[in-house]
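See structure below.
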Amino acid sequence: MQIIYKKTFEKQLLHIVNYIAKDKVNASVNFAYELEKLIFLIPDNPLKYRPSIYFNNENVRNMAYKGYTIIYKVSYQKNTIEVLRIFNQDKPTK
């Protein structure tokens, strides 16, 4: 399956990484690297994570990582995983 990063996700991730880098640059690099490794594992088991509480669709999933929620959509017809959003688990953003 092909992984597609949506623009919203990319912008949100950049904001998070920049915020972490203000305190610790190495921590921000590690955060992005480890998250990418987890995302690359999604195609092995696309339904591993629970269905999203933000969408009424079994193919939209929530993955938790270090206090953040990553929302992705599985499309078997297109053979893709679309990574839609990332946000602090306490504060979903629009």
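The values are calculated or read from the model by the stated rules, or taken from the named source; none is laboratory data. Bear in mind that the values here come from a model prediction, so they are computed numbers and not experimental data. In this analysis, Cβ positions are derived from the backbone assuming ideal geometry, glycine residues included, and neighbour counts consider all displayed protein chains.
Here is how the numbers come out for the structure above:
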item: Residues within segment 1-59 that are in contact with a helix residue (DSSP H, G or I) (Cβ under 9 Å, 6 or more places away or on another chain), under 18 Å from TYR76 (Cβ atoms) and part of a helix (DSSP H, G or I), tallied; result: 0
item: Of all residues making up segment 75-87, the number that are touching a residue at least 60 places away in the same chain (Cβ under 8 Å) and in a strand (DSSP E or B); result: 8
item: Count - residues of segment 78-94 that are loosely packed, with under 11 Cβ neighbours inside 10 Å and modelled with pLDDT under 95; result: 4
